[in-house]
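Worksheet: the structure to be examined is printed underneath.
Just so it is clear, none of the values below were taken in a lab; they were calculated from the coordinates. These figures come from a predicted structure and were not determined experimentally. Here Cβ is always computed from backbone atoms with ideal geometry, including for glycine, and neighbour counts include all displayed protein chains.
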Amino acid sequence: MEIGICTFADVGTHPVTKEKIEPYQRLRNLMEEIELADQLGLDVFAVGEHHRPDYAVSSPATILAAAAVKTKNIKLSSGVTVLSSDDPVRVYQQFATVDLLSGGRAEIMAGRGSFIESFPLFGYDLEDYDSLFAEKLHMLVRLNENPIVNWEGKHTQSIKGRGIYPRALPASWCRTA
């Protein structure tokens, strides 16, 4: 069993002091939280993705990349990456970068999202909700398995024998905590 923390990095009013927490301060606090979780020996820290004014994180990979260079052992995960409204190639590349920076501690928790604001924001139709996720998840798995990709999709770009880089560290190389 692993024990960890998942946050959406809420912004708003502090529950105790009643002071307003701005996104800038919330992200600074989040970095401290991730470092402390690592120091305390927790197994995983996950950061959710939202595109709303009440959350500070719209790009978990960016936050996790910053955390990768400030931590030593904790696994760094999205919680979730809204894959349905993102490009699987970019998601793979961003998390492969986090994986390289962290020495093999990156994880992607791919999901559909609990809110729908990212769909119209990135030009997707909610009528395609199920098929977007299924296709993009299949593509992400293929990208993870193969450095050279051939892909034909309805909602995604076609790829003909192209390399997807950087590559995440091989599982056999990654150290265990």
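Taking all Cα pairs closer than 8 Å and separated by 6 or more residues, the relative contact order of the chain comes to 19 percent.
Of the residues T97, L76, M139, the one whose Cα sits farthest towards the positive end of the charge dipole of the chain is T97 (charges of +1 on Lys and Arg Cβ, -1 on Asp and Glu Cβ, taken about the Cα centre). Charge dipole (Cα centre; +1 on Lys/Arg Cβ, -1 on Asp/Glu Cβ; no other charges) of the chain amounts to roughly 560 debye. Remark: the I116-H138 segment gains 5.8 nm on full extension, using 0.36 nm per residue and subtracting the alpha carbon distance.
Our summary gives the range 72-167 a relative contact order of 31 percent, counting only alpha carbon pairs under 8 angstrom and 6 or more residues apart. With θ taken as phi - 60° and the Karplus curve 6.51 cos²θ - 1.76 cosθ + 1.60 applied, the whole-hertz 3J(HN,Hα) list for the range 13-18 is 9, 4, x, 9, 7, 6 Hz, x standing for glycine and proline.
Counting each DSSP H run of 4 or more residues in the chain as -39500 (n - 2.57), what helix-only mean residue ellipticity at 222 nm follows after dividing by all residues, to the nearest 500 deg cm²/dmol? Could the numbers behind the result be given before it?
Numbers: 5 runs with 62 residues, N = 177.
About -11000 deg cm²/dmol.
Length gain on complete extension for the stretch E152 to Q25, per 0.36 nm per residue less the alpha carbon to alpha carbon distance? Contour length minus Cα-Cα distance gives 41.4 nm. For the range 33-103, the extents of the C-alpha atoms along the principal axes are 34, 28, 16 Å, listed from largest to smallest.
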